[in-house]
Amino acid sequence: MPTPDLQLRRAGILLHPTSLPSGQLDSDVERWLNILFDTGFSIWQVLPLGEPQAGLSPYQCSSAFAFNPLLLTDIPASNESDNDFIAFCNNQEYWLDDYVLFKVLKQHFNDSAWIDWPDQWKFRDPAVLQDSAQLYKETLLELKWQQYQLHKRWQEIRVKASELNILLFGDMPIYIGHDSADVWAHRELFLLDSSGKMEVVSGVPPDYFSDTGQRWGNPHYDWEAMHKDDYAWWIKRIHHHLELFDLVRIDHFRGLEAAWMIDASCETAVDGHWQKIPGDELLSAIKMSLKDNNSQLPFVAEDLGVITPEVTALRKKYHLPGMSILQFGFDEFEDNPHKPQNIEEDNVVYTGTHDNDTTKGWFNKLEDDVKNHVLRTLDLPELDEHENDDTLADHQGCWDNSTEVADLVVEKMVDNAMFSRANICIIPIQDCFHLDSNARMNTPGTNTGNWQWQFQWSLIEHNKDNRHIEKIRLRNQKADRLIKPTD
């Protein structure tokens, strides 16, 4: 499909499919897309759709290409003679064969990491792998059929979204998991020792998310090796994502200019160093591979964290929108890029992301003096002015007509995002319905309680009764973010 026009003013919702009531790509998706259309949103942003390695994080997956099988469990019986299935297997052979064999061998070796497999399988002895493929022929076929059905279902979703003029906005982690089919099959493309172990791992230094930084633990790429084959693996990965999405967020775009290298023996990300990365050369190769050098690349750069002028220059050279998060905009620095007055057209503005608390939860946890600073900035009465302030009860921004201060803050934050100069505005569904910290998706640096939140249809059905849906559409219209079918 053609690259979308990123100059148009659009608004969208951030909602991962696992947060749908069913948590799957079933009929809930069509129901959800219709709600987006009814409210005037023209973008559905999701998190990565891959299969989590351990736990539930979609940012640590067993494959850079495969769908999470749990997204679709109602799969018909396998039909190996299906011509579309055969074509899919042929077209996706470059990752599919390795992925399904990796899955089977993981099960055969009691779910141990590939680094702990016997050497014949660990180092991919061709004869041994051929014998394993023959032994597990039927299981491999079933796994391919599963991926085919997931891919087929997503293409149905993409057609439906296109009919409603809704862009599908995907998310691509910059790194992949060590215990993944990709690293097992392409060890030469990663910085590993002779036994396959990592000597350095990925992460970011201390920032506003964590005082000790984030130690992600992914392997780093061997960029010299990737340069030798013109970044073939990356280009295949990019093209694969563009088969699924109209627009793709490159997570941790900063890592395409320089990467935070952490010694694998370190337990935190505090001790590390930045190492330059040939991101300019990579993006140039990707642009050339798309065979339309005059069009804008359909990517958004996640440029949060420690951002240098070099990172910004790389983003702007390829005309990639960056990100602005309103929750980060309440400090004393006037040049803070997350303050509404500093947000430009080439930003994607959010109230918060999946790594933030919900806006209501965020505000409720602030100290009173910080709350007052937020309230002053948003032109709302301060806390000690609320007790006898009758005007709050009539505040039209409060969806339930209560006088709860946090609800007014959420309304103001959403308004600031929607009416900002940014061409693209994305609101997490939690902020659309003023949900508190119980609806938070992820807390960086923690290992429990994440990626589990789901909404129920009653949330939307209840709010239809008090005209919340109509109000959201009116806000989209007033902010000039309604996309007409002819656009």
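For L304, are the conditions met, namely being buried (at least 16 other Cβ atoms within 10 Å of the Cβ), outside the structural domain of P205 (by TED's automatic domain parsing) and more than 24 Å from H227 (Cβ to Cβ)?
So L304 does not fit the description; no.
Rundown of residues vs (1) exposed (fewer than 14 other Cβ atoms within 10 Å of the Cβ); (2) at pLDDT 95 or above, yes/no style:
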residue: H354; (1), (2): no, yes
residue: D384; (1), (2): yes, no
residue: W399; (1), (2): no, no
residue: V409; (1), (2): no, yes
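Could you list, in sequence order, the residues of segment 335-372 that are assigned to a helix (DSSP H, G or I) and among the acidic types (D, E)?
Kept after step one, since they are assigned to a helix (DSSP H, G or I), are these residues of segment 335-372: 340-342, 359-364, 368-372.
Matches in segment 335-372: D368, D369.
Across segment 152-165, what is the number of residues that are within 25 Å of T73 (Cβ to Cβ) and either aliphatic (A, V, I, L, M) or crowded, with 20+ Cβ neighbours inside 10 Å (or both)? Reasoning before the result, please.
Quick first cut of segment 152-165, residues within 25 Å of T73 (Cβ to Cβ) only: 152-161.
Okay, now just the ones that are also either aliphatic (A, V, I, L, M) or crowded, with 20+ Cβ neighbours inside 10 Å (or both), so 154, 157, 159, 161.
Here the count works out to 4.
Hey, among the residues in segment 38-86 that are of a type in the set (A, V, I, L, M) and not in a loop (DSSP other than H, G, I, E, B), which one's farthest from L143 (Cα to Cα)?
The first filter runs over segment 38-86 and keeps only residues of a type in the set (A, V, I, L, M), leaving 43, 46-47, 49, 54, 56, 64, 66, 70-72, 75, 77, 86.
Within this subset, residues satisfying the condition of being not in a loop (DSSP other than H, G, I, E, B) are 43, 70-71, 86.
Numbers: I43: 31, L70: 12, L71: 14, I86: 13 Å.
This residue is I43.
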Report yes if some residue within segment 40-56 is surrounded by fewer than 18 Cβ atoms within 10 Å (Cβ to Cβ) and without any contact (Cβ under 8 Å) to a residue 60 or more places away in the chain; otherwise report no. yes
In segment 22-39, anything out of contact with any helix residue (DSSP H, G or I) (no Cβ under 8 Å at 6 or more places or on another chain) and buried (at least 19 other Cβ atoms within 10 Å of the Cβ) is listed as W32, L36
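Which residues, counting only those in segment 96-120, are of a type outside the set (A, V, I, L, M) and farther than 16 Å from Q53 by Cβ?
D97, H108, P118, D119, Q120
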Of the candidates I115, I157, the one satisfying the condition of being on the phi < 0 side of the Ramachandran plot, in contact with a His (Cβ under 8 Å, 6 or more places away or on another chain) and part of a helix (DSSP H, G or I) is I115
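The values are calculated or read from the model by the stated rules, or taken from the named source; none is laboratory data. Since this is a predicted model, take the numbers as computed values, not measurements. Here the Cβ is made from the backbone with ideal geometry for all residues, glycine too, and neighbour counts use every protein chain on show.
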